[in-house]
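Chemist: My structure is below; once you've seen it, I'll send some questions.
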Amino acid sequence: MGLTSAIDLQELSGLALALALGLLVGLQRGWAQRQDEPGSRFAGFRTFGLLGLTGGVAGTLSDGSGPIATIMLAAAAALIIIGYYRTSTRGDSLSGTASVVGLLTLACGLLAATGRPQIATAIAVSMALLLAMRSQLHRFVGRLNEAEVAATARFALIAVVILPLLPDQAYGPFQAWNPRSLWLVVAMVSGFSFLGYIAAKLLGPTRGTIATAAAGSMVSSTAVTAALAHRLKDPAEPDAILHAAIAAASATMFLRIIVLTAWLAPFALSTFAPLALPGLVVSLIGTVWFIRHARRAYPGAAASLVVKNPFDLSPALLLMVLVMAMTLIARWVLARYGNSGVAVVLALSGSVDVDSAIITMGNLPPGTLTARTAGLVLVPPVVLNTLFKAGAAMSIAGWRRAWPAALVLGVSAAAVLGAVAVVLT
């Protein structure tokens, strides 16, 4: 009998992973407690490695020797609880971190040996990262005020509690409204607004706001624009910085849709990319111009500007209502004119979410549209989306506060239309 038949390599790899994950956690715990007095620690590098291995052994024995595996897990858990009790009675400080980490390490070893190595690895790595960020997290929590904690709880309610409970099916006229999809708009706008607030506190108003706008626009530039427009409504907010962020969000959107077209509808790229590039260039120019203006207008912005808590549902709910209206109109056009109205439907649906138009284009049967026609059909959603964001910004923030950003968006849309005019002549 060969060695490979005598040893189950899959079980052996599971045990090795269980030990490795335990040692990973133990490395962090050992380093964090390296200055503690000998004998004062509940567990260190070796002990956490052994806890992971114990979970792995229990998982390996679970199929043929279930009672023994249960006894092993129960005994290890009991030792962890006893260790916590003895540690908690020695000094004035009380922390259950080590005991909770020990139990999770035991569970990771069990998962690694029972055919779920990805879950075990994800948990162990996330746990080690969370433990390693102890100082940063404590400093962050120490800087929070009551309003920020309340805003975090409200956003969790919106995104984690309400969103999963809403039905994921169509309702209303023409089956146009999906409650979960509509509430996702609220969650996204609120989320980008909150992330922008956190980034501004960590990086400063200029860098934090623009970085969040660019990153958020990889998902939805419309939601980002609505969140920024809500901040722009406040006269105390730095308008040039917010104008730059809206322009940066637009530039990111143009870049994203070019990449998305190359991926999902490559046959349309050769026509569409040259038409979208002028809009990208205009948005980038607007971003740079507003940033330079912000540096002149707010030379000490990082130190002097007060970043206010942005949590407010009004811009999110307003955008949701606009989405409902545009979706209903698009469905009516499709029901009224059928496939002959596909370009109109793409334009109307894409005015809120350009990605949906590109995805729809990519799912059309081969040969439905020529490459030239497909590229031209994608232009109306892009132009309407850009103008839609300009209108949303002005409706939320008001004309006097939002017109510079709306002007950049309008010129970006005009640049795309100008490129179309050149192509068609």
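Chemist: Take residues that are surrounded by 17 or more Cβ atoms within 10 Å (Cβ to Cβ) and more than 23 Å from the chain's Cα centre (by Cα) and tell me which of the helices (runs of 4 or more DSSP H) falling wholly in the stretch 57-169 contain 3 or more.
Modeler: In the stretch 57-169, the matching helices (runs of 4 or more DSSP H) lie at 66-88, 97-113.
Listed here are the residues, each with its yes/no results for (1) modelled with pLDDT of 90 or more; (2) crowded, with 24+ Cβ neighbours inside 10 Å.
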residue	(1), (2)
PRO381	no, yes
GLY391	yes, no
SER395	yes, no
ALA402	yes, yes
ALA405	yes, yes
VAL411	yes, no
ALA415	yes, no
VAL420	yes, no
VAL423	no, no
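Chemist: Can ILE329 be described as surrounded by 23 or more Cβ atoms within 10 Å (Cβ to Cβ), at pLDDT below 90 and outside any loop (DSSP other than H, G, I, E, B)?
Modeler: It is false that ILE329 is surrounded by 23 or more Cβ atoms within 10 Å (Cβ to Cβ), at pLDDT below 90 and outside any loop (DSSP other than H, G, I, E, B).
Chemist: If you don't mind, there's one more thing I want to ask. Determine whether ARG116 is out of contact with any strand residue (DSSP E or B) (no Cβ under 9 Å at 6 or more places or on another chain) and not assigned by TED's automatic domain parsing to the domain that holds PHE48.
Modeler: So ARG116 does not fit the description; no.
Chemist: Right, here's the next one. Looking at the stretch 173-184, can you tell me whether even one residue there is surrounded by fewer than 14 Cβ atoms within 10 Å (Cβ to Cβ) and either in the same structural domain as SER220 (by TED's automatic domain parsing) or under 22 Å from GLY208 (Cα atoms) (or both)?
Modeler: yes
The values are calculated or read from the model by the stated rules, or taken from the named source; none is laboratory data. None of these values were measured; they are calculated from a predicted model. Positions of Cβ are backbone-derived with ideal geometry, glycine not excepted, and every protein chain shown enters the neighbour counts.
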